[in-house]
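Let me begin by presenting the structure, written as structure tokens, before commenting on it.
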Amino acid sequence: MAELCSYDRISAYQLMWILIMFDLPTETKLQRKMASDFRKRLQSDGFTMFQFSIYVRNCASRENTQVHIDRVKKFLPSEGKVCVISITERQFNEILLFEGSKKTEPLPAAIQLELF
């Protein structure tokens with residue numbers, strides 16, 4: 001019998017993803033700087049670009065998800081729109097990605113470290 005990896009035992013409903021979607025004004029130099037600073041702060045908190053104005057981050061639990069959402073709330077830009085969505089690993093894996101006419105492979109499943 002094949003041994004299960006520790007991340008195979010983690011429920012796809014326990015692991016969470018945060019999606020940050022935003023439309024920020026970039027008409028002035030100050031607005032461009034604020035938009036750039038917002039993206040940099042997202043990246044420094046472990047988010048990666050999914051599309052130009054969509055950043056994602058994997059979290060180990062709903063509690064950990066809330067920690068990162070609260071962190072993002074603290075550096076929201078004063079202008080523009082920001083949408084925060086949290087979904088399960090299973091829901092995230094159901095996302096279909098297309099580029100032009102070809103399907104893009106989904107991001108690899110998140111691996112969670114178990115400590116005993």
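Readers should treat all values here as calculations from the given coordinates under stated rules, not as data from a laboratory. Everything quoted here is computed from the prediction, not taken from an experiment.
Before moving on, here are some points about what is shown:
- By definition, a body whose alpha carbon gyration tensor gives a ≥ b ≥ c is oblate when a/c is 1.5 or more and a/b is not larger than b/c, and region 41-101 fits this oblate description.
- Region 28-45 and region 78-101 have Cα centres spaced 20 Å apart.
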